[in-house]
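Please read the structure below before turning to the comments.
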Amino acid sequence: MSARLAVDVCIIGGGIAGCASAVALRKAGLTAAVLDRGLCGAGASGVNFGGVRQQGRNLHELPLARRSRRIWDSLAAILEQDVEFDVSGHIKLARSEADLAELETYARNARDYGLDLQMLGANRVRSEIPWLGDKVIGASLSPEDGQANPRVVGPAFARLARRLGAEIHEHRRVTAARRTETGFEVEAGDLTVASAWLVNTAGVFGGTVAGWFGEHAPVEALMPNMLVTEPLPYFVSRSIGVCGGDVYLRQTGRGNVIFGGGRGWGDAEIARSRPLADESLGGMSRTLDLVPALTNAQVIRTWTGIDGQTPDRIPVIGHSSTTPQLVHAFGFSGHGFQLGPVMGEIIAELVTQGRTPTPIAPFSIERFAAGGVASSVEAHTHTEH
Amino acid sequence: MSDPVIAIVGAGPAGLRAAETLALAGLRPVLFDEAERPGGQIYRQPPPGAERPGAAIYGLEAGKAQAVHAILPTLGERIDHRAGTLVWNVFEGRLDTLRAGAFAHQPFDRLILATGAMDRVIPFPGWTTPGVFTLGGAQIALKAQGVSIGRRVAFVGAGPLLPLVAHQYAKAGAEVVAVLDVTPFGAKLRSAAGMLAQPSTLAKGLYYVARNALGRARRASGVRAIRVEGEGRVAALAWTDHKGAEHRVACDAVGASFGLRSESQLADLAGCTFAFDALTRQWAPVRAPDGRSSREDVFLAGDGAGIGGADVAELQGRRVALTVLQDVGRPVDVAEVARLDSALARQAQFRAALEGAYPYPEHLVAAVADDEILCRCEGVTAGALRDVVRHKGAAEVNRVKAFTRIGMGRCQGRVCGHAAAELVALERGCPVEDAGRLRGQPPVKPIPVLGGFS
Ligand SMILES: Cc1cc2nc3c(=O)[nH]c(=O)nc-3n(C[C@H](O)[C@H](O)[C@H](O)COP(=O)(O)OP(=O)(O)OC[C@H]3O[C@@H](n4cnc5c(N)ncnc54)[C@H](O)[C@@H]3O)c2cc1C
Ligand SMILES: Cc1cc2nc3c(=O)[nH]c(=O)nc-3n(C[C@H](O)[C@H](O)[C@H](O)COP(=O)(O)OP(=O)(O)OC[C@H]3O[C@@H](n4cnc5c(N)ncnc54)[C@H](O)[C@@H]3O)c2cc1C
């Protein structure tokens, strides 16, 4: 049986960005429907590392990240769900003089965006984190960064959206969307949605949706490979990363130490992903270099998930360049969990006011139109998530 | 061209017979088992130095045990036996292994999974009290270590292991104080005809009941509710009989479990298609009669892909090896194929009757109280599960896991996953297959954080 639905805004993709959008749009008084091929918040949004981190981001992202960070403080109250947000601070370690110089430059630049980072000397790092291996010569601390439980955040946004009256349609894969005279028509199996606005928050699938409207946005599948130990006595008091991003770890309230290790395998078309053994073992080695205390801790699970990654590692956010009333927010390139809460507000602003006070020009989809992004941007690569 | 690499996981009756068949055909299979000595569950061997006579350990099955144990010594170097080696992952033609604190991997052309089964657990009041074991655990203590789980032992369960383990304990000299079957006796009578058609290992449990070998043990069928009493240590087992009367027996150990569940995580990681088996009420990798899975390079034998018992495991081990031989272009004895196929068909009939004799005790699941621990690795209660089903729209077990941590601990849901699905189904009022199954992730068992890999 086929069904038809008419709403003000149709949202493709019920990750944290899409579900937060549905919440903000309902609060603005518009009707909204979310279509997800699986369960809302079960994609990248539900399986990520859980880092709520501003430090180390591309500077263009800092205004967004700053604004999102303010929402994180009250997120549990907004969602009526404990999201296990822990302001543990995020510490980024330097293992060479070049690393230190990088951290210092970044800290100076970040100050312009109101992000206050503290440089710690070798002794300070050692007294604060005595169990670190001897390779660390300094660090930068972002006291207001932290961590949260990704498994509950996306679904809680979806539940709130539903409570506010949004239509949430799960297990509906969108196979086509087109511009009509009055707006859009979106096909998801036996459901057709007619809407005045279309929001593309389809994650790794976002580039394909953009393509339906003649826009070019290269999005690759990104699969960070993750490991988690059994619960251990509490010792990792801060969320930890390194220059270069190839080691990162945190400890949950329950005691599990979660750490990253390379890249997994994934096939975005069938939404399947797998951690890779060699990557996991490599991640173990690199992490042990920094945290010898983890030797022989038992790893109980490894996993990965699929995020969408752009060539310049920053998302596509903003109005379509070809199609009126189409708005994009995808390709968060491995660090969109922290940004998720603010994406709803920004998309609602773009829909209801046509603009947002937060600077988003660097994220315009047009940057890909001229046939590619200057590779200088790519120099700022930070593989931590 | 060099010989294809055939890897086998599991040196129980299924894996050993598969290895033997391949070796006799001139291939040199690589046989992995995390146990140091071959035999699997039923024919588990005591550790070196603790050997006892076969008849004392395996009872009526001593002859079969001996035959299975003789396979590796007889074939020697023709089978590459990797003892004490955990296979913790499989992906695209490669196994990842751990032996004595060292990681390694093994590429393969064909993989036979013969990973066996483990006890199926349902929580009941007091089930986490020290002194409560699964029936299989109780049997392992006896077979491997020659020790009893207690002095005065009560057994409760649903499945052929119940009378069997009780009998083995009585014979070993333990005081068995109660043998409680939570399924109705009538079901056994109705199934008896089907079972007589094919006597088999698992049926010997019923045989023992008939022989009345349990002395003064209290015995009951159709038990409605059970409860272990004792603070910090088992002190008694209390139960409600089929008429509603209360009973209690003092004891210091309890063996309790409710049928078997396939150890199918490796098949899951290998990417095999699963289907719900209504007979044994569980998801299992789809297996064709010749042992093929849904994947061309993966084959299945024994209890790891549907519960059939030890004799079936041996038959399937032989059968699957012939399929593999055919696939790699080796000559295959067609008469032997026909013989195995008809033996397996007879066993399947018997198997259906046996499952009928021990229907799944749904009443125990319905009785699980909200404050009962369901996932003991993570300390999550049944009430927490019901809450997210009722109030947070969690309709299947993976969502329940994401919200509550059920199945996220050391055992990765091997113990609680089954009961969790049953509880979700009851709460939703849907068939248990609609509650889904926990998706597997490597490692299938915990592995240590070790260095040395770049
Ligand atoms: C393993 C891992 C670790 C990470 N760690 C961190 C971290 O520590 N910190 C951080 O900030 N970020 C992290 N990230 C990144 C972060 O998770 C993502 O950037 C963020 O969740 C993206 O949100 P989203 O809503 O854009 O995408 P998603 O959560 O992927 O949502 C997109 C949704 O669209 C749906 N969809 C796709 N195609 C269709 C279609 N055709 N029809 C209908 N629905 C469709 C999908 O089912 C999915 O639910 C990590 C990512 C991964 C994978
Ligand atoms: C505890 C227990 C006791 C049982 N006792 C009896 C009994 O007394 N009588 C009876 O008829 N039936 C019994 N059964 C039923 C039993 O499943 C079958 O009788 C028979 O053992 C099945 O043979 P199999 O070869 O399929 O598997 P199994 O005999 O279980 O052998 C599987 C082997 O695979 C190995 N293995 C599994 N996964 C891995 C891995 N990832 N890496 C490395 N090795 C792995 C295991 O160590 C095991 O040795 C018992 C089952 C259990 C769980």
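The values are calculated or read from the model by the stated rules, or taken from the named source; none is laboratory data. Keep in mind it's a predicted model, so treat the numbers as computed, not measured. Cβ coordinates were reconstructed from backbone atoms using ideal geometry, including for glycine residues, and neighbour counts include every protein chain displayed. When the accessible area is computed, the model is the full protein with side chains, heavy atoms only, and any ligands, DNA or RNA have been set aside. Shrake-Rupley method; radii C 1.70, N 1.55, O 1.52, S 1.80 Å.
Share of antiparallel DSSP beta bridges in chain A, in percent to the nearest 5?
So the antiparallel bridges amount to about 65 percent of the total.
What's the magnitude of the charge dipole for chain A around its Cα centre, counting Lys and Arg as +1 and Asp and Glu as -1 at the beta-carbon? Answer in Debye, nearest 20. The partial results should precede the final answer.
Working: 36 positive and 40 negative charges, 103 e Å.
That gives a dipole near 500 debye.
Between B:Ile8 and residues 5 or more places away or on another chain, which pairs have amide H atoms under 5 Å apart, with H built 1.01 Å from N, and which residues are they?
It is B:Val30, B:Leu31, B:Phe32, B:Ile112, by chain and number.
List for region B:397-445: residues with 20 Å² or greater reduction in accessible area, all protein chains versus chain alone, probe 1.4 Å?
Buried by 20 Å² or more upon assembly, which counts only protein chains, are B:Arg399, B:Ala402, B:Phe403, B:Arg405, B:Met408, B:Arg410, B:Gln412, B:Gln441, B:Pro442, B:Pro443.
Given the C-alpha centroids of region A:276-339 and region A:77-136, what is the distance between them in whole angstrom?
Here the two parts' Cα centres lie 19 Å apart.
How much length is gained if the chain between B:Arg295 and B:Arg151 is pulled fully straight, taking 0.36 nm per residue apart and subtracting their Cα-Cα distance, in nm to one decimal?
Details: separation 144, 0.36 × 144 = 51.84 nm, distance 4.85 nm.
So the chain would gain 47.0 nm between B:Arg295 and B:Arg151.
What percent does the relative contact order of chain B come to when contacts are Cα pairs within less than 8 Å and at least six residues apart?
Value for chain B: 17 percent.
Considering Cα pairs under 8 angstrom that are at least six residues apart, work out the relative contact order of chain A and quote it in whole percent.
24 percent
What average number of partner chain Cβ atoms lie no more than 10 Å from the Cβ of the residues making up A:292-304?
5
Which percent of the accessible heavy-atom area of region A:260-301 goes to carbon and sulfur, probe 1.4 angstrom? Numbers along the way, then the final one.
On the way: 720 of 1510 Å².
Solvent-exposed carbon and sulfur of region A:260-301 make up 48 percent of the total.
Carbon and sulfur together cover what percent of the accessible area of region B:363-404 at a 1.4 Å probe radius?
Heavy-atom surface of region B:363-404 belonging to carbon and sulfur, 1.4 Å probe: 49 percent.
Got a sec to turn the phi values of region A:7-20 into Karplus ³J(HN,Hα) couplings, 6.51 cos²θ - 1.76 cosθ + 1.60 with θ = phi - 60°, whole Hz, x for Gly and Pro?
My calculation for region A:7-20 gives 9, 5, 10, 9, 10, 9, x, x, x, 5, 5, x, 6, 5 Hz in order.
Could you tell me the calculated FRET efficiency between A:His216 and A:Thr105, based on Cβ-Cβ distance and R0 = 45 angstrom, to the nearest 0.05?
Values: r = 33 Å, r/R0 = 0.73.
Efficiency computed from Cβ-Cβ geometry: 0.85.
Sequence gap of 8 or more, or different chains, plus Cα separation below 15 Å: how many lysine pairs satisfy both in the protein assembly as shown?
Final tally of qualifying lysine pairs is 6.
For region B:107-177 and region B:1-57, what is the separation of their C-alpha centers, rounded to whole Å?
22 Å
Treating the beta-carbon of each Lys and Arg as +1 and of each Asp and Glu as -1, no other charges, what is the dipole magnitude of region B:210-295 about its Cα centre, to the nearest 20 debye?
340 debye
Relative contact order for region B:378-454 using alpha-carbon pairs under 8 Å, separation at least 6, rounded to a whole percent?
31 percent
Give me the number: length gained by fully extending B:Leu60 to B:Ser454, i.e. 0.36 nm times residue separation minus the C-alpha to C-alpha distance, one decimal in nm.
136.6 nm
Just check the protein assembly as shown against the gyration tensor rule for me: Cα atoms, a ≥ b ≥ c as the square roots of the eigenvalues, rounded for a/c under 1.5, and otherwise prolate or oblate depending on whether a/b exceeds b/c.
prolate
Could you give the accessible area per residue of the protein assembly as shown, probe 1.4 Å, as a whole number in Å²?
On the way: 31640 Å² over 839 residues.
Spelled out: the 1.4 Å probe surface of the protein assembly as shown, per residue, equals 38 Å².
Note the buried accessible area between B and A here, summed over both chains, with a 1.4 Å probe, in Å² to the nearest 100.
Buried surface at the B/A interface: approximately 3100 Å².
Among rounded, prolate and oblate, which fits region A:1-86 when a ≥ b ≥ c are the square roots of the eigenvalues of its C-alpha gyration tensor, a/c under 1.5 means rounded, and a/b larger than b/c means prolate?
prolate
Assign one of three labels to region B:345-454, namely rounded, prolate or oblate, based on the Cα gyration tensor with a ≥ b ≥ c the square roots of its eigenvalues; rounded applies when a/c is under 1.5, prolate when it is not and a/b is larger than b/c, and oblate otherwise.
Note, shape of region B:345-454 comes out oblate.
Quick one: which residues, 5+ away or cross-chain, put their amide H under 5 Å from the amide H of B:Val286? H built at 1.01 Å from N.
For B:Val286, whose amide H was placed from the backbone, the distant partners under 5 Å are B:Thr273, B:Phe274, B:Ala275, B:Ser294.
Can you work out the FRET efficiency for the pair B:Ala238 and B:Asp3, with r the C-beta to C-beta distance and R0 = 51 Å, to the nearest 0.05?
My answer for the efficiency is 0.30.
Threshold 30 Å², probe 1.4 Å: give the residues of region A:266-286, in number order, that are less accessible with all protein chains present than with their chain alone.
The answer is A:Arg274, A:Ala277, A:Asp278, A:Leu281, A:Met284, A:Ser285.
Roughly speaking, to the nearest percent, how much of region A:37-105's 1.4 Å accessible area is carbon and sulfur?
52 percent
Karplus couplings for region A:53-64 from phi (6.51 cos²θ - 1.76 cosθ + 1.60, θ = phi - 60°), rounded to Hz, Gly and Pro as x?
10, 9, 3, x, 5, 3, 4, 4, 7, 4, x, 5
Could you tell me the calculated FRET efficiency between B:Ala225 and B:Arg439, based on Cβ-Cβ distance and R0 = 25 angstrom, to the nearest 0.05?
Step by step, r from the Cβ atoms, then E = 0.15.
So what are the ³J(HN,Hα) numbers for region B:291-298, from phi and the Karplus equation (6.51, -1.76, 1.60; θ = phi - 60°), rounded to whole Hz, Gly and Pro as x?
x, 6, 9, 6, 9, 5, 9, 10
Ranked highest first by average number of other Cβ atoms within 10 Å, how do A:200-213, A:351-364, B:219-232 line up?
Ranking the peptides A:200-213, A:351-364, B:219-232 by packing returns A:200-213, B:219-232, A:351-364.
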